[in-house]
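The values are calculated or read from the model by the stated rules, or taken from the named source; none is laboratory data. What you see is a predicted model; the values in this text were computed from it and never measured. Reconstructed Cβ throughout: ideal geometry from the backbone, glycine too, with neighbour counts over all protein chains shown. Accessible surface is based on the protein model in full, side chains and every heavy atom, while ligands, DNA and RNA are left aside. Shrake-Rupley method; radii C 1.70, N 1.55, O 1.52, S 1.80 Å.
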Number of protein chains: 2
Amino acid sequence: MTPPGRTPPIFTSPADAALAFYQAFEARDVDAMMAAWAEDEDIVCVHPGGTRLVGYDAVRAGWEQLFASDARLAFRLDQVVMIETVGLAMQSAVEHVTLGTDGSQRGAAICTNVFLRTPSGWRMVMHHASPAPVQVASEAKGPLH
Amino acid sequence: MTPPGRTPPIFTSPADAALAFYQAFEARDVDAMMAAWAEDEDIVCVHPGGTRLVGYDAVRAGWEQLFASDARLAFRLDQVVMIETVGLAMQSAVEHVTLGTDGSQRGAAICTNVFLRTPSGWRMVMHHASPAPVQVASEAKGPLH
């Protein structure tokens, strides 16, 4: 699935694959995005509020559809939990998303990412993102007195 | 965290731990539920539409709150994808949920479950569930002609 002249990258850690995923997301680069995923029929992608996409072709089509819009997103991961074993790794985080160049529109999602060590290095096999509930302002700020 | 007289179970596969999780969920048994989880500060639980709970105490408190209501739920997993390695396993599925004894209220969630092989057997380290979008009836039924 790599276009001619582009060598598929080898990610030597789950963190490298995660970085490539979010860089491709921000760049809206479908080929770079799919290079972060395993070429497998068992990969699963769930965009916030969207249907569950299973398999390489469905996952790729989902990104193509998402990147077709003009929306430019920027991500910052917060409260990251990473569990790594020799063959599989899980990353859980809060995704803080900024929309547009002026950064005026913001949102948050809860995400679970899973990475598999394949013969071609670490690749994503699961991205599950769902809208984070809106925090009550008084909870975040604490009591006034 | 196991009450006196109850031996903590050893789950010999991710599937066994998953079964224990859903049986405890249906039985609304907090102790059985937490016996399916790793006793770890890195466990994460996301109920549909809820905040992200991190750590054993927060995850347990979330189940206690959920089980305090009278709602009796029954689960059927559909379109299951399981990726297993020697140390970590991922389960992705659509959860069909039935509420109440007459089964009149139904809903669906998309879930990601992750299991870790610990010295005490396989245990859950992540449950991420989010509401499944409502399917358009014509898609499910197909054309009449």
Count of the stretch A:77-89 residues which are more than 10 Å from chain B (Cβ to nearest Cβ) and in contact (Cβ under 8 Å) with a residue 24 or more places away in the chain: 1
Determine, yes or no, whether residue A:76 is farther than 24 Å from residue B:92 by Cα, open to solvent by 50 Å² or more (accessible area, probe 1.4 Å), basic (Lys, Arg) and touching a His at 6+ places or on another chain (Cβ under 8 Å). yes
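For (1) open to solvent by less than 20 Å² (accessible area, probe 1.4 Å); (2) of a type in the set (D, E, K, R); (3) in a loop (DSSP other than H, G, I, E, B), each residue gets a yes or a no:
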{"site": "B:19", "(1), (2), (3)": "no, no, no"}
{"site": "B:59", "(1), (2), (3)": "yes, no, no"}
{"site": "B:70", "(1), (2), (3)": "no, yes, yes"}
{"site": "B:86", "(1), (2), (3)": "no, no, yes"}
{"site": "B:101", "(1), (2), (3)": "no, no, yes"}
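The rows are residues; the columns are (1) within 13 Å of the chain's Cα centre (by Cα); (2) of a type in the set (S, T, N, Q).
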| position | (1), (2) |
| --- | --- |
| B:27 | yes, no |
| B:34 | yes, no |
| B:46 | yes, no |
| B:57 | no, no |
| B:83 | no, no |
| B:102 | no, no |
| B:105 | no, yes |
| B:123 | yes, no |
Can you tell me which of (1) surrounded by fewer than 18 Cβ atoms within 10 Å (Cβ to Cβ); (2) part of a strand (DSSP E or B); (3) within 9 Å of chain A (Cβ to nearest Cβ) is the one residue B:92 doesn't meet? (1)
Would you check if there is a residue in the stretch A:46-67 being within 14 Å of another protein chain (Cβ to nearest Cβ), without any contact (Cβ under 8 Å) to a residue 12 or more places away in the chain and in contact with a helix residue (DSSP H, G or I) (Cβ under 8 Å, 6 or more places away or on another chain)? yes
Across (1) within 13 Å of the chain's Cα centre (by Cα); (2) within 28 Å of residue B:43 (Cα to Cα), residue A:87 clears everything bar (1)
